[in-house]
């Protein structure tokens, strides 16, 4: 992946958390706005975040940055561990490579490298759980929290079963593609199809064009996914989150049941839950404007949120 600017993004920069190097960049529109850090999901690089959504967020007054989680994209990838299948990692021995606390600290390392004393957080899928944990572990760094398409950040193992559609997860785990650029593209199309709303016709041509542009091998790297999903949280429960919180969930999510979002919102004091019609486990174009407006509303309603140090 090139370190040169791509589209509306700055050249890649690097943050460090111990031996882990984290690739990040910043949307060139919206500079001077309120800092907003985007956290991606399982195995996915930062490039899976739609530019159109980021443009909507910039238009709402946010200074948007994104990063590759450890074991994804250009960030550090860890050595193999015994659990090399996401389902086995979910229910087997956990925390062999690193902890969920380590992943939360990665987000703060990126904020440090950006010079942000605090920021709004938006996380999708596993990124939503990571964002919840950042709000627990580093409460002074989080202005507001938006968690989308995620389970409660403190659940693990068998307790996760009630929220996950195992049939979709099994299909995801069975995907096999060659270790080539064409394999990356085919994997991207297959994952997009699996995660899309079943209520909306799947546009394979658009999905392939998107996959060709990003060609992210992380969506087929099950060993890296296993390390991410196996990272165990040892911290407090999400009832301790104090940041103003919005929980979004696709009404048609084929991977995480909407009950996961509802339960997250019910347990975080003062959190608001919003179901997104026509949305699967994804961030489709018809929802971009609503998502950005909802995050703006949350920021506006946050007490003294705009007065925090940036």
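Here, each number is a calculation from the coordinates, and none is a lab measurement. Since the model is a prediction, treat every value here as computed from it, not as a measurement. Methodologically, a virtual Cβ is constructed for each residue, glycine included, from the backbone with ideal geometry; neighbour enumeration extends over all protein chains shown.
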* Asked: Rg to Rh for the range 105-184: what is it, with Cα atoms only and Rh by Kirkwood?
  -> 1.10
* To do: May I ask you to order 197-206, 167-176 by the average number of other C-beta atoms within 10 Å around their residues, highest value first?
  => 167-176, 197-206
* **Calculated log₁₀ intensity ratio I(q)/I(0) where the Debye formula runs over C-alpha points of the range 195-310, q = 0.10, 0.15, 0.17, 0.23 Å⁻¹** => -0.44, -0.95, -1.12, -1.28
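Can you give the alpha-carbon Rg of the range 216-258 over 2.2 N^0.38 Å, where N counts its residues? List each step's numbers first, then the result.
Working: Rg = 14.8 Å, N = 43, 2.2 N^0.38 = 9.2 Å.
This ratio for the range 216-258 stands at 1.61.
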* Computed Rg/Rh of the range 122-167, alpha carbon atoms with Kirkwood Rh -> 1.03
* To do: For n ≥ 4 DSSP H runs only, could you compute -39500 (n - 2.57) per run for the chain, divide by its residues and tell me the 222 nm figure to the nearest 500?
  => -11000 deg cm²/dmol
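Taking Cα pairs under 8 Å and at least six residues apart, what relative contact order does the range 96-174 come out at, in percent?
27 percent
Give me the Å³ per residue figure for the convex hull around the C-alpha atoms of the chain.
Normalising the Cα hull of the chain by residue number yields 114 Å³.
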* To do: Give the distance, in whole Å, between the Cα centre of the range 170-199 and the Cα centre of the range 24-49.
  => 23 Å
* Residue separation times 0.36 nm, minus the C-alpha to C-alpha distance between residue 138 and residue 181: what's the value? -> 11.7 nm
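Given contacts defined as C-alpha pairs under 8 Å and at least six residues apart, what's the relative contact order of the range 13-307, whole-number percent?
23 percent
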* Asked: Given the chain, what percent of its DSSP beta bridges are antiparallel, to the nearest 5?
  -> 30 percent
